[in-house]
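Read the structure below first, then the notes.
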Amino acid sequence: MSIALRSKVWVLAAAVMTTAAVADVEPFTSEALQRGVWYTMQGYPPSGGYSGFGMAMADLDADRDLDLVLLGRSNGLPGIFENDGTGHFTDRSIESGIAPLAAASSVIAFDFDGDGDLDLFLTQYFNGGGNRLYEQTSPWHFTDVTAGSGLGEMLPTKGVTCGDYDGDGRLDLYLCQYVVPGNIDVTRNRLYRNLGGGHFLRVQPGVGVESERPSLMAAFTDFDADSWTDLYLANDRGPFFGPNQLWRNDDGVLVDVSESSGADSSLFSMCVAAGDLNRDGFPDYYITNISDPVPPLYGANSLIVSQGDGTYVEAHEEWGVGHYITSWGGLFWDLDNDSDLDLYVNNQWQGNTLYVNPGSPPMTNGTAEFALAGTGGVSYVSVVGDVDGDGDLDMLQNNHSGNVRLYINNEGSLRSWLRLRVVGLGANHQAAGASAHLRVGNERQRAEVILGGNSYLGQNEPYLHFGLGAATSADEILVKWPNGGPVREFVDVPANQFWSIYPPARLGDVEGDGQVGADDWETFQGFGLGPVEPGREVFDFNGDWVLDHLDVEEFWSRCAMLRGDLNNDGLVNGVDLTGMLSEWGNKSGPADLDLDGLVGGSDLSIMLSSWNAK
């Protein structure tokens, strides 16, 4: 179905705009320069680095919008751009304090020290002074803390991914090294365990994950949906040096299941893209390849689809995405918010390719229809995220020889959507490894929080995005926190909102200070009862998306403050009674202890039940 026809169907159903207005809307518009993103990529071949430069979409200043981190400028200076909330950017590169990188490769934005703001880890490919860890010490300023961190080895590093593989609440790192095997130590990949305090410990090779095969990308991703983050590794030159590898996480122990799972594709692997393409509740993986006729896939990109039992089968022919073009980046995203994952592929020697998912195989080539071919030059990396806050996924791309491209999505806003920010536990405040299962009628979707590795050298936004088509709400959402963490169920969640999802331990605690108290109650009173609105999710204890008396009772069961202690002096006595009587009959107020909108007999009864309590 063409864009125009899809749009007309949606307009008739929603009755929100005219057909003429839809016809005037381009699906995507290239707007980097208009929005303040000026960052010129070096030409090809590059003067530093190897096979592309990474970038990330991440909320560096904790204001709930996506900022940008870019690599690949000819002078080596990383680009740091602040989002004003509307998708317009201010260049913070110079003031960031980040030094130029002679051989920049990949970047990941994560909170390594658990202090609540995002730090940066930057990799380099040989002759670049080693990998670097930068701590964000004040807004928009980063300090090099590589020395003493355990991460400063001189290595031929390409991709990096992070996740809490051992379940201790801190984010660990996995680094891919790329050279043809020979020097055993240098070519081994690295798994670094985060010890806290800014220190990382290289996990010894005996764990089995320090592959000696030339690797470009890996991803911490939960392939069996048991909430423990597993590890998938894309190895280049598989027919010569060994196929891709998959390690299952058994409560913090990584077990090699590459062969038994069928995930051991043997090809010239460049990237891993993860997403639940067939909607069975388990992630599927797309791995890019070169076009040469190399067995066993003969130049095809590999799509391995989960069977739901821990095994995978090849499905690139069924889905029509074998591609047969030398390609690097690949990512799954629901570009039109129709609830089906589409696929974007970065091609090395020609314009890029977009595969549109009609809901069942095969996919169709929609590159021209959506005007997303990009430039005809060398292209390695693309990342996606909602930079302008309108509910659809925009794309950032850094092809060689020219300014980076920011494609603003206008097509997705024609349909409903739902976005989730899963609030993490402890130091993992980004909730890396968390997942959500969403149901609308009989249609299901699943997404997981992946930090780095979900494409090539790039980091997509850390939120869970769901296209809902014409639906006005999600019937059910099941959220799982990582590593055997809590599970919460939500019902009747309204569409077209960016919701925060809190773990049980955070409910009622607005400021996250570890205590439910007087300040939290004051905030709850200010909200009152009724449907949950953005910013009020922390008080919806039972996940029914309505603040009611059940939530009030649950709040008080957790509150350190005595119910009825109006002056917060630790006592419920005559002073509080006098205060209540002065408000008697008022509509709401501090003495409205049950939030029914009136200070009256029920509030007095509540107060008396706590009388003289300490």
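The values are calculated or read from the model by the stated rules, or taken from the named source; none is laboratory data. What you are looking at is a predicted structure, and each value in this text was computed from that prediction instead of being measured. We place every Cβ from the backbone using ideal geometry, glycine too, and count neighbours over all the protein chains shown. Each accessible area value is taken on the protein alone, full model and side chains, heavy atoms only, with ligands, DNA and RNA left out. Shrake-Rupley method; radii C 1.70, N 1.55, O 1.52, S 1.80 Å.
Computed quantities for the displayed model
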read-out: Strands (runs of 3 or more DSSP E) contained entirely in segment 36-85, each with at least 3 residues that are closer than 25 Å to Gly330 by Cβ; value: 55-58, 67-70
read-out: Options Arg237, Arg193: the member that is open to solvent by 10 Å² or more (accessible area, probe 1.4 Å) and either on the phi < 0 side of the Ramachandran plot or in contact with a strand residue (DSSP E or B) (Cβ under 7 Å, 6 or more places away or on another chain) (or both); value: Arg193
read-out: Residues within segment 279-306 that are farther than 17 Å from Met217 by Cβ and touching a Phe, Trp or Tyr at 6+ places or on another chain (Cβ under 9 Å), tallied; value: 9
read-out: Within segment 122-163, tally of residues that are open to solvent by less than 10 Å² (accessible area, probe 1.4 Å) and among the charged types (D, E, K, R); value: 1
read-out: Residues being outside any strand (DSSP E or B) and either closer than 13 Å to Tyr39 by Cβ or polar (S, T, N, Q) (or both) - total across segment 95-128; value: 2
read-out: Residue that is least open to solvent (accessible area, probe 1.4 Å) [pool: residues in segment 487-498 that are touching a Ser or Thr at 6+ places or on another chain (Cβ under 7 Å) and in a strand (DSSP E or B)]; value: Val493
read-out: Residues satisfying the stated conditions in segment 430-468, i.e. surrounded by fewer than 20 Cβ atoms within 10 Å (Cβ to Cβ) and at positive phi; value: Gly441
read-out: Hits in segment 490-521 (condition: touching a residue at least 24 places away in the same chain (Cβ under 8 Å), more than 17 Å from Arg64 (Cβ to Cβ) and not aliphatic (A, V, I, L, M)); value: Phe490, Asp492, Pro494, Pro503, Gly508, Asp509, Gln515, Gly517, Asp520, Trp521
read-out: Test for Arg439: is it out of contact with any helix residue (DSSP H, G or I) (no Cβ under 9 Å at 6 or more places or on another chain) and farther than 29 Å from Gly116 by Cα; value: yes
read-out: Residue within segment 550-566 that is in a strand (DSSP E or B) and either within 40 Å of the chain's Cα centre (by Cα) or of a type in the set (Ser, Thr, Tyr) (or both) present; value: no
read-out: Enumeration of residues in segment 52-71 that are of a type in the set (Gly, Ala, Ser) and either modelled with pLDDT of 95 or more or surrounded by fewer than 19 Cβ atoms within 10 Å (Cβ to Cβ) (or both); value: Gly54, Ala56, Ala58, Ala62
